[in-house]
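Got a structure for you, written out below as structure tokens; questions coming shortly.
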Amino acid sequence: MAIPRPTESVPGRDRNPELRLTSGSRVAVIGGGPAGSFFSYFLLTMAGQAGLDIGVDVYEPRDFSKPGQSGCNKCGGIIYSSLVQSLATDGISLPSSVVQQGIAGYTFHTDEGSVRIKAPSDEKRIASVRRGAGPCGVALNLLASFDGFLLTLAEGKGARVVRERVAEAILFEGKPRVTTKSGLSEEYDLLVGALGVNSPDLKLFEGCGTGYTPPATTRTHITEILLGNEEIEKCLGDTMHVFLLDIPRLEFAAIIPKGEYATVCLLGKGIDQEMVDSFFRRPEVLSCFPAGWTPDSARCRCFPFVTLGGAEGTFGDRFVMIGDCCVSRLYKDGIGSAYRTAKTAAQTAIFAGISKRDFQEYYLPPCDAIANDNRFGKVVFAFTNLIKKMPFLRRGVMRMTRGEQSGFAAPRMSGVLWDTFTGNELHRNVFYRSLHPVFLARLLHETVMGWVFSLKSP
């Protein structure tokens, strides 16, 4: 849906001039992660294009230049090339110091063996980034932070970073008022919630009168493991290692190389330490680490939450929520979702208005599109669960993928697996591609052949 420019009229309704940003307007953004930084960057860029002088305060107490959990947003840190290209189009070029490692492909592991899948094209390559300055115990300034880079970018556009924790965010006499723990209190024209779902401060927005309810979440797991450049190259190479193992409640897992470190991500429902221990005991996992390695050596680990759906009451007059505290793709692409929701919210605020009706007309449809796509995602992951539970189906998938990677057939299964696990494509597109008659026929053929050969095996 096109967003009108300031000089354009909106057919069928009059616009409230009081619910518009004008020169001198002030905007409070609570949260300086990707969503908050993207929003601030785009808002100030678009305001300049529209000839508006707007003040933006970003409330973010964390220092992303510090290693460990105090400076980390608890995320696997994977971005795909199409997002990098979109950022470049918007004037955001990621420096090499921020991109920890380019990922040329991934290795797909099951108990039926492993197969390396090359990137389908240069446009579908992926990269790994650090959300903070590195794991616990890493030397200061050793690694560049993606989140820190984005926040500095927003500052360069004119945003002011307030290094204080917010104690209260309310609508006072129709306008947002933000009060910090130290007692600093400021009035604004627009309040933007950009806190992630792992922040305990989401309850702040309950006082904004929209009935905000955070999205449903599930617990995941991230472990940072120091191996050194030599071992990373020998054991992992330039590929992301993805595991589809029959472990209850585990959807899938990945090991992502990042410089001297390997980031291990487990995604599923209600992940706990028992499941983590079970994962690290699997021979398919241990084969990716040096001989004699044990997970006890990992010093940096956490159990963050990820969203399973959309939030309720995410906007109102002078108020909007963005990022994963609004909506995010299922198990995937939190950074990309932050980018899309932040940019759309900024466009709406500058070129349409800051009323509830404006956000409903121009901001809600893209958010609904993400939520609707997640319904297809649930079906896609239900199919991956079938693969995990059925040995004959796993053999069929592995045979089909190996044949494609050897050049014997078009990469239909390889492409579906790539886009399922990297998040490079919409879940809807992956779903429809997996229903193609040629895809289903080849999968059936390889599954039957795998079953026949298993009967012949001693």
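The values are calculated or read from the model by the stated rules, or taken from the named source; none is laboratory data. Keep in mind that this is a model prediction, so the values were computed, not measured. All Cβ positions, glycine included, derive from the backbone under ideal geometry; neighbour counts span all protein chains shown. Heavy atoms of the whole protein, side chains included, go into the accessibility calculation; ligands, DNA and RNA do not. Shrake-Rupley method; radii C 1.70, N 1.55, O 1.52, S 1.80 Å.
How big is the charge dipole of region 227-368 about its Cα centre, in debye rounded to the nearest 20, if each Lys and Arg gets +1 on its Cβ and each Asp and Glu gets -1 on its Cβ?
That gives a dipole near 360 debye.
With every protein chain kept in the model, how would you rank 296, 419, 324 by accessible area, 1.4 Å probe, largest at the top?
From most exposed to least exposed: 296, 324, 419.
Just going by the charge dipole of the chain, with Lys and Arg at +1 and Asp and Glu at -1 on Cβ, which of 232, 380, 208 is farthest out on the positive end?
Going by the Cα projections, it comes out as 380.
While we're here: Quick one: order 287, 37 from most to least accessible surface, probe 1.4 Å.
Descending order: 287, 37.
Please compute the modelled spin-label separation between residue 410 and residue 86, points set 7 Å along Cα→Cβ, answer in nm with one decimal.
Simple spin-label model gives 2.6 nm for this pair.
Which cross-chain or sequence-distant (5 or more) residues have an amide H under 5 Å from the amide H of residue 172, H modelled 1.01 Å from N in plane?
It is 177, by chain and number.
Between the alpha-carbon centers of region 153-202 and region 307-369, tell me the distance in whole angstrom.
Value for the Cα centre distance between the two parts: 17 Å.
Right, here's the next one. Heads up, I need the accessible area for residue 339: 1.4 angstrom probe, whole protein in place, Å², nearest 10.
We get 20 Å² for residue 339.
Using Stokes-Einstein with the Kirkwood hydrodynamic radius over Cα pairs, what translational diffusion coefficient do you get for region 263-310 at 4 °C and a viscosity of 1.567 mPa s, in µm²/s rounded to a whole number? Walk me through the intermediate numbers first.
On the way: Rh = 12.4 Å.
In µm²/s, the coefficient rounds to 104.
List the chymotrypsin sites (Phe, Trp or Tyr not before Pro) within region 370-458 that fall in a DSSP loop (any state other than H, G, I, E or B) and whose Cβ has at most 15 other Cβ atoms within 10 Å.
408
Can you pull the percent of the chain's accessible area that's carbon plus sulfur, 1.4 Å probe, other chains left in place?
Details: 10130 of 18970 Å².
Roughly 53 percent, rounded to a whole number.
Under the rule that an exposed site lies in a DSSP loop and has at most 11 other Cβ atoms within 10 Å, name the longest stretch of the chain with no trypsin sites (Lys or Arg not before Pro) of that kind, not counting the sites themselves.
Formally, the longest exposed-site-free interval is 182-458.
While we're here: Could you go through region 311-326 in sequence order and give the Karplus-derived ³J(HN,Hα) for each residue, using 6.51 cos²θ - 1.76 cosθ + 1.60 with θ = phi - 60°, rounded to whole Hz, and x for Gly and Pro?
7, 10, x, 8, 7, x, 4, 6, 8, 7, 9, 9, x, 6, 7, 10
For region 144-189, rounded, prolate or oblate, judged on the Cα gyration tensor with a ≥ b ≥ c (square roots of eigenvalues), a/c < 1.5 rounded, else prolate if a/b > b/c?
It comes out prolate by the Cα gyration axes.
Same structure again: What does the extension gain come out to for residue 389 and residue 356, with contour length at 0.36 nm per residue minus their alpha carbon separation?
7.2 nm is the gain from fully extending residue 389 to residue 356.
On a 0 to 90° scale, report how tilted helix 34-49 is relative to the longest principal axis of the chain, with both axes built from alpha carbons and the result rounded to the nearest 10.
On a 0 to 90 degree scale, this one is about 50.
Which listed residue (351, 188, 341) has the Cα farthest towards the positive end of the charge dipole for the chain, taking +1 on Lys and Arg C-beta and -1 on Asp and Glu C-beta about the Cα centre?
Sorting the options by dipole projection puts first 341.
Let me ask another. Relative to the present Cα-Cα distance, how much length would full extension add between residue 249 and residue 233 at 0.36 nm per residue of separation?
Stretched fully, the residue 249-residue 233 segment lengthens by 2.7 nm.
In debye to the nearest 20, how big a dipole does the chain give about its Cα centre with +1 on each Lys and Arg Cβ and -1 on each Asp and Glu Cβ?
1040
Suppose we keep just the DSSP beta bridges with both residues in the chain; what percent of those would be antiparallel, to 5?
70
Taking the Cα centre of region 331-458 as origin and charging only Cβ (+1 Lys, Arg; -1 Asp, Glu), how large is the dipole, in debye to the nearest 20?
With only Lys, Arg, Asp and Glu charged at Cβ, the dipole is about 540 debye.
Quick one: if you take sqrt(5λ) for each eigenvalue of the C-alpha gyration tensor of region 233-312, what semi-axes come out, biggest first, whole angstrom?
Square roots of five times the eigenvalues give 23, 15, 13 Å.
Which residue, chosen from 241, 414, 83, occupies the Cα position most advanced towards the positive end of the dipole of the chain, where the dipole is computed from +1 (Lys, Arg) and -1 (Asp, Glu) charges on Cβ about the Cα centre?
Among 241, 414, 83, the one farthest towards the positive end of the dipole of the chain is 414.
Please report the base-10 log of the normalised intensity I(q)/I(0) for region 312-401, using a Debye sum with one equal scatterer per alpha carbon and no solvent, at each q in 0.11, 0.15, 0.24 (1/Å).
Here log10 of I(q) over I(0) equals -0.43, -0.62, -1.11.
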